[in-house]
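Below: the structure, in C-alpha cells.
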Amino acid sequence: MPTDPAAKGVYPRTHKGKTIYWLSYQKNHKRSWVSLETSDYATAIQRAVELRRRPELNEGGLLKDEIKRYVAFKVQKGKFSRSSEKNVPYFLNALPNMFGNIHPARITQSDAMRFYTKIRSRVLEKSAQDYVGYARAFYTWAINTARICNTNPFVGLELPKVITAARKEFCRANLRDKLIAECPRDDLRFVLYCGFHAGLRRNEIMEARPEWFDLDGRMLHIKKISPEDAPKLGLDPFDLKDREERSIPLSKEFTAFLTCWINPKADYCLAPGVRRRKNRYRYDIRRPFEDYMEKQECSWVTMHTMRRTFASILASRGTSIYFIAKWLGDDVETTTNHYAHLAPAHDHLEKGLHGEMD
C-alpha cells in the first residue's frame, strides 16, 4: 500500500486492457470520483494533488446550455468572429447529439475516444480532429473559467498525425474559360464567374445580391446586412468572414454575362425566394457544381479552387499582392505566403542574381 498522503484515493481502473488512474476524494462532505486521464502513477499523483487544491466546482448546466454560454463568452471577449459564432456550435452540438443533453462533467476520456471514432467514420481525419479540437477548447473553458468540470476528457487522446499537403492546385486560364463556356446552366455559370473572376467565398456567392454589382462602373461591392437591418429589408443577416466589406473590379466577361442575366429587382442573385432556415447556407448549389465538374473530368475543382485560381492567375500576371489581398479579403501576409511565388518578378530576380538578365 502506498504511504504517500498525496496518493490517498488514487486507484487504477482497467477498461479493454488499458489501465487509467482515478481519484476518489471528499470535499465539503461530498464524495467525487474523477478520471486522472493517465496510466502513469507518478503523473496521477501530481494531478490528484492539483485537483484537491482546486476550489469547489460550480453546479453548471447541461451541455447545450453550457455550449451557448461558452460561445457567448468568446464573442463577448472578442475571441470569436461572426463566422465562429455560427460555426462552432455546429461542431460542439455533436456532443449532446451523441451522448444526450447531459452535464459536461459526465463525459469521460473513453467517451471522448468513442466520439472521435464515430466522427472519423463519416468525415476526413483532419475534420474529425477538428471536432476534437473544438471540444478540447470548450472543456478548457469549462475547467478554467466556468469551473463546472475538473478534467478535460479530450486531452491525451492518442490521435494519428495528420499530414496535410499544401493546397496548391488551381486552374489555368484556358481551363477556367472552358469550364465557364461549356456550363449548361446560367445560375451555375454565375457561380463560376463569381469564383473564377472575383474570388468570392462560397457563402458570399450564395448571398450575392443584385445591388452588389455596379455594371456601369464595373465594380462588385460586397456588403453586409446587420441583424438589426435584416427585418427591415426582408432579408437574412449576412456578415463576412473578416467582417470587412470590400470592392472588386469586374472583368469584361463577367460584366457582359451579368448585363444579360442579372435581375436588378430580385432580392438575391441565386434562388431569390429562398431564406435561411437551420442550414448553414441560405442556398446551396454544391450538388450541381460537383456533378458538372465530374462530367468535365475536373472533380478536383472545388469552390475554393476557383478562389485560388482567381488569385493565382492575377499573381502570375504581375498584379500587386496588396491588391490581390484586398480583393480576396485576406491579410497581405497570408496572400504573400500563398501566391507571391507565382509573381513573374521572382523569375526576373532569379535571373538577375545569376547574371542572366539583358
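At a glance:
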| quantity | calculated |
| --- | --- |
| Hey, Val49 outside the structural domain of Ile107 (by TED's automatic domain parsing), closer than 24 Å to Phe138 by Cα, at pLDDT below 85 and part of a strand (DSSP E or B) or not | no |
| Filter result for Ala137 (surrounded by 13 or more Cβ atoms within 10 Å (Cβ to Cβ) and either touching a residue at least 40 places away in the same chain (Cβ under 8 Å) or farther than 27 Å from Asp236 by Cβ (or both)) | yes |
| Which numbered condition Glu294 fails, given (1) out of contact with any His (no Cβ under 8 Å at 6 or more places or on another chain); (2) crowded, with 18+ Cβ neighbours inside 10 Å | (2) |
| Test for Pro104: is it touching a Cys at 6+ places or on another chain (Cβ under 9 Å) and closer than 27 Å to Trp22 by Cα | yes |
| Residues within the stretch 165-204 that are within 24 Å of the chain's Cα centre (by Cα) and among the acidic types (Asp, Glu), tallied | 2 |
| Some residue of the stretch 225-236 being touching a residue at least 12 places away in the same chain (Cβ under 8 Å) and within 20 Å of Tyr193 (Cα to Cα) | no |
| Index of the failed condition, Met303 passing every other in (1) farther than 25 Å from Asp177 by Cβ; (2) surrounded by 12 or more Cβ atoms within 10 Å (Cβ to Cβ) | (1) |
| Extreme residue, modelled with the highest pLDDT, among residues of the stretch 1-20 that are under 15 Å from Arg52 (Cα atoms) and aliphatic (A, V, I, L, M) | Val10 |
| Selected residue (criterion: farthest from Ile225 (Cα to Cα)) from residues of the stretch 282-296 that are of a type outside the set (D, E, K, R) and part of a loop (DSSP other than H, G, I, E, B) | Gln296 |
| Tally of residues being surrounded by fewer than 23 Cβ atoms within 10 Å (Cβ to Cβ) and assigned to a helix (DSSP H, G or I) across the stretch 177-192 | 10 |
| Condition met for Leu270 (assigned by TED's automatic domain parsing to the domain that holds His197, under 22 Å from the mean Cα position of the chain (by Cα) and within 19 Å of Cys194 (Cα to Cα)) | no |
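This table checks each residue for (1) assigned to a helix (DSSP H, G or I); (2) more than 15 Å from Arg69 (Cα to Cα).
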position	(1), (2)
Glu85	yes, no
Val88	yes, no
Phe115	yes, yes
Ser127	yes, yes
Val132	yes, yes
Tyr139	yes, no
Pro160	no, yes
Leu175	yes, yes
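Okay, residues lined up against (1) in a helix (DSSP H, G or I); (2) outside the structural domain of Val191 (by TED's automatic domain parsing); (3) among the hydrophobic types (A, V, I, L, M, F, W, C); (4) modelled with pLDDT of 90 or more:
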| position | (1), (2), (3), (4) |
| --- | --- |
| Lys241 | no, no, no, no |
| Ala256 | yes, no, yes, yes |
| Arg280 | no, no, no, no |
| Cys298 | no, no, yes, yes |
| Thr309 | yes, no, no, yes |
| Tyr322 | yes, no, no, yes |
| Ala325 | yes, no, yes, yes |
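The values are calculated or read from the model by the stated rules, or taken from the named source; none is laboratory data. Computed from a predicted structure; not experimentally measured. Every residue, glycine among them, receives a Cβ derived from its backbone with ideal geometry; neighbour counts consider all protein chains shown.
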